[in-house]
């Protein structure tokens, strides 16, 4: 019965969304029914219906109702309650429902504070309603989370995919989905801004800014946790593989980064609104395209996720509708948006705008690389792979150039380039280049462009931020801009730390791939690893063979024991390896256990990864710095955006 | 200006000195010790795709064929083959799909030149926009 109520609530929500979407059309057609008076009521009811439907799904999981197909496929009576709740977004149907409900909650929070009579918000809610209606229709037609398995009700569920049974599942998908929702809201705001002429474009973009920042912060967190999860769980020690699924969430992040900066630029200078709107429309379109790539099964991925060609077609249709409508509208209004750029040379707006355009180029190029094998196969019938070596040689130089702009932009003045600032900057760039060049020579021995770019980018960002802080403290400018100023500095430092971590961990990693059995040892990077024993461990959901490996530090003192495991899951006999990791601020010791080679020996991979943790420390700094901009005291308007994710957390 | 010149000079001398030291080091390691071969083999394995698993390189994959191919790479390196020869051998055996860095052919030209094209188009567009809008005597044309 519960499942049917959930389904009914979804249908009600679909009707409400369609009504909301139809409001501006009814108004335009001079329909006599005054629907817009009911807008806030509809939003409330809609959110309530979606939230209740999501909670019913949570209840079905907790209640072990295996007559519901989605529960039977993704849960098991033995599963811990926390994972049962997380399993709600662990599969395709539930995660779509979560996505829809998050849009509902976000639009409700917007409606709480907004002036409901403003046409901008009418259009905004109409577009959000249309998006939700599309997603709910997709859920109801193709992937109903409440579908029953009748009459053959299974006694036991098939269990949640073992790889997903990790803290990563609790953190990574919700953050990512809230980020996607943020981009959907920005898309709706962009369309509303294009439709509504009653207020200035600057005003609209200012309203959109906090939403973009929240979306960006959530996407940052989502990507970082995803990468951290892969590092811990997949057992190969990599943290980024340029896999299509990783790219599908990384591309929107790049676009969101550009969007956020473009909106800040627009707010300060009242220029470049066209770019902001373009990026907002592109961002959400790319979210949908990414969802299509991930869920249709057209790309092969290590993180394979609920692939089904039928769903792919529906997602592709949604993508086509959203992007065609959005870009047509933008093109139609473009002549009004173009304003003269009264600025010269290396002014701050030029550098920022060029940085945004470069981010866009990076996003589109990664998209091309991700889709290329697909297109190639369609055209020629042969298959090729585009992987990490290609993306690295593309993205690392672009990151180098982007960070050049990123470091320099805050030091330049608005409108005109400051001659007095250019000289020290050029000198600083030369010093950074010289230092990274000599570091390269001293540490690697041969010239490696990627290493030089990475070390240059982080050095440059750190020194530029330092210079900027020094200038700022010397001038002691007005206290009003201070919060934003410090957030900007901290975020840019976060980027520098991430780049530094990525560069150091890729180039100074020391690795051994060897046979190991009890009593054998090996020295890697000064640490002695001694294989003590092979143990068997049993857990509620898996049994595992684990190696007990003692680590001794450089002075031959006992440091720790590491326990890499090969886990075999009880439910589906799937085997995965879980790494044993000793984390410290400056280096991780990482051991993963491979195949059994003889009765006693296993293939063991020991890695010493310096500064690898800084990648995620940097990303967390970025995320929290972004969120701190949304604190209520900053401005009344910005306060209204932070609650959605709190509300979502409460709903879980 | 003088400080920049001095810096450049310093950089150039540093390069020369280090370059000589490096050349000496390289002659010493030309014996191709097993550890060096192993590192090379790992580097090559990281750029090739495992034919068995969904999307993993040979280094990360734990399928039997991946271990076999890793051993093959090492053996070929021992026989004195270069990295390019080994990759060509793998491509001849398993097809173009095995390499993560596609080769430049007429079919993949777009993959390599599109990003460059995009980059130059964006820069050109922006610089042109900036240029035409500045009231300079020599640029009379209006934006298109």
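The values are calculated or read from the model by the stated rules, or taken from the named source; none is laboratory data. Just so we're clear, the structure is a prediction, and the values are computed from it rather than from any experiment. So basically every Cβ, Gly included, is an ideal-geometry build from the backbone, and we count neighbours across all protein chains shown.
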Point to revise | Checklist (1) out of contact with any helix residue (DSSP H, G or I) (no Cβ under 8 Å at 6 or more places or on another chain); (2) in a strand (DSSP E or B) applied to residue A:573, failing item | key: (2)
Revision key, fill the gap. Within the range B:69-79, the residues that are within 12 Å of chain A (Cβ to nearest Cβ) and surrounded by fewer than 17 Cβ atoms within 10 Å (Cβ to Cβ) are B:71
**Study point:** Boolean, residue A:324 is closer than 20 Å to residue A:196 by Cβ and away from chain B (no Cβ under 13 Å)
**Key:** no
Revision key, fill the gap. Residue A:437 fails exactly one of (1) within 30 Å of residue A:510 (Cβ to Cβ); (2) surrounded by fewer than 15 Cβ atoms within 10 Å (Cβ to Cβ); (3) more than 30 Å from the chain's Cα centre (by Cα), namely (2)
**Study point:** Top-ranked residue in the range A:379-392 [being more than 8 Å from every other protein chain (Cβ to nearest Cβ) and under 20 Å from residue B:118 (Cβ atoms); ranked as surrounded by the fewest Cβ atoms within 10 Å (Cβ to Cβ)]
**Key:** A:392
Exercise for review: Please enumerate the residues belonging to the range A:373-405 that are over 21 Å from the mean Cα position of the chain (by Cα) and farther than 19 Å from residue B:51 by Cα.
Suggested key: A:375, A:378, A:379, A:380, A:393, A:397, A:400, A:401, A:404, A:405
Check your understanding: Just one of B:47, B:108 is touching a strand residue (DSSP E or B) at 6+ places or on another chain (Cβ under 8 Å), surrounded by 15 or more Cβ atoms within 10 Å (Cβ to Cβ), at negative phi and modelled with pLDDT of 90 or more; which is it?
Key -> B:47
Review point. Does at least one position in the range B:80-98 carry a residue that is more than 14 Å from chain A (Cβ to nearest Cβ), surrounded by 14 or more Cβ atoms within 10 Å (Cβ to Cβ), assigned to a helix (DSSP H, G or I) and over 19 Å from the mean Cα position of the chain (by Cα)?
Key: yes
**Study point:** the range A:352-370, residues that are more than 10 Å from every other protein chain (Cβ to nearest Cβ) and surrounded by fewer than 22 Cβ atoms within 10 Å (Cβ to Cβ)
**Key:** A:367
Practice item. Any chance you could count how many residues in the range A:52-107 are under 20 Å from residue A:163 (Cα atoms) and part of a loop (DSSP other than H, G, I, E, B)? Key: 8
Check your understanding: Any residue at all in the range B:33-43 that is at pLDDT below 90, closer than 23 Å to residue A:393 by Cβ and outside any helix (DSSP H, G or I)?
Key -> no
Check your understanding: Quick check: anything in the range A:141-151 in a helix (DSSP H, G or I) and in contact (Cβ under 8 Å) with a residue 12 or more places away in the chain?
Key -> yes
Review point. Can residue A:228 be described as away from chain B (no Cβ under 14 Å), over 13 Å from the mean Cα position of the chain (by Cα) and part of a helix (DSSP H, G or I)?
Key: no
Review point. So which residues in the range A:152-169 are in a helix (DSSP H, G or I) and surrounded by 17 or more Cβ atoms within 10 Å (Cβ to Cβ), if there are any at all?
Key: A:162, A:163, A:164, A:168, A:169
